[in-house]
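Step one of this worksheet: look at the structure below.
The values are calculated or read from the model by the stated rules, or taken from the named source; none is laboratory data. Keep in mind that what you see is a predicted model, and the values were worked out from it rather than measured. FYI the Cβ positions are ideal-geometry reconstructions off the backbone, even for glycines, and counts take in every protein chain you see.
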Amino acid sequence: MIDTIKNALPDYAKDLKLNLSSVLAAGALTPAQSWGTALASALAAGEPRTIAAVAAEAATHVGPEVRNAARIAAALMAMNNVYYRFTHLVAAKDYAEMRAGLRMNAMMNPGVPAADFELMSLAVSAINGCGMCMDSHEKTVRKHGVTPEQVQAAVKIAAVIHAVSRTLAAEASLAEPLAAAA
């Protein structure tokens, strides 16, 4: 499971291997928060081996409701992060005043506590680089009693899962031309 992707990482990514173990073992978050964030992050990063390994490991730590909430967070943030990043970054501010009109009903009842879902959404928003969404989710989790240390722990999980995914994808891309040339 997680060892599969750790073992697939090249020697130059030893720090990622060590970080992967430490961020997932950190005690600041509940298992639902850690594994929900890890799965949502893997889904957002999009590298198939990382998704498979994190999903398999998450299934040994949390129930289907947490895994489904992670899917919801990754799917909805894939949409929202693009839309809201656009409204925030474009010079014309008319778009920020307009009603988005995008369906997000699953956010109202994701099947897990609001703080947990918001942490997952915050992590995915960090991966997707939407400052407006990060700010919104950070404020919401803090209102739900999540500490700065817990926010940091969730974002560290997102950062490491993203880096692992990108490294594995890059290594696969480098290996493909070499295999084709042989």
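Summary table below
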item	result
Residue list for segment 131-175, restricted to those being over 13 Å from the mean Cα position of the chain (by Cα) and β-branched (Val, Ile, Thr)	140, 141, 146, 147, 167
Yes/no for residue 53 being out of contact with any Asp or Glu (no Cβ under 6 Å at 6 or more places or on another chain) and farther than 18 Å from residue 110 by Cβ	yes
Residue tally, condition closer than 15 Å to residue 72 by Cβ and outside any helix (DSSP H, G or I), over segment 30-51	0
Unique residue being surrounded by fewer than 16 Cβ atoms within 10 Å (Cβ to Cβ), touching a residue at least 24 places away in the same chain (Cβ under 8 Å), out of contact with any strand residue (DSSP E or B) (no Cβ under 7 Å at 6 or more places or on another chain) and closer than 22 Å to residue 22 by Cα when the list is 147, 167	147
Which listed residue, of 160, 146, 141, 151, is in a loop (DSSP other than H, G, I, E, B) and within 23 Å of residue 27 (Cα to Cα)	146
Tally of residues being among the charged types (D, E, K, R) and loosely packed, with under 13 Cβ neighbours inside 10 Å across segment 79-96	2
Subset of segment 35-65 (residues that are surrounded by 15 or more Cβ atoms within 10 Å (Cβ to Cβ), among the small types (Gly, Ala, Ser) and more than 8 Å from the chain's Cα centre (by Cα))	36, 46, 53, 55, 58, 59
Any chance residue 112 is part of a loop (DSSP other than H, G, I, E, B), out of contact with any Pro (no Cβ under 9 Å at 6 or more places or on another chain) and either at pLDDT 95 or above or β-branched (Val, Ile, Thr) (or both)	yes
Positions within segment 55-97 being in contact (Cβ under 8 Å) with a residue 40 or more places away in the chain and hydroxyl-bearing (Ser, Thr, Tyr), in sequence order	60, 84, 87
Odd one out for residue 173, checked against (1) at pLDDT 95 or above; (2) among the hydroxyl-bearing types (Ser, Thr, Tyr); (3) exposed (fewer than 13 other Cβ atoms within 10 Å of the Cβ)	(1)
Residue ID - nearest to the chain's Cα centre (by Cα), chosen from residues in segment 83-108 that are part of a loop (DSSP other than H, G, I, E, B) and farther than 26 Å from residue 46 by Cβ	101
Some residue of segment 1-22 being within 16 Å of residue 122 (Cα to Cα) and in a helix (DSSP H, G or I)	no
Selection status of residue 70, of a type in the set (A, V, I, L, M, F, W, C), surrounded by fewer than 17 Cβ atoms within 10 Å (Cβ to Cβ) and in a helix (DSSP H, G or I)	no
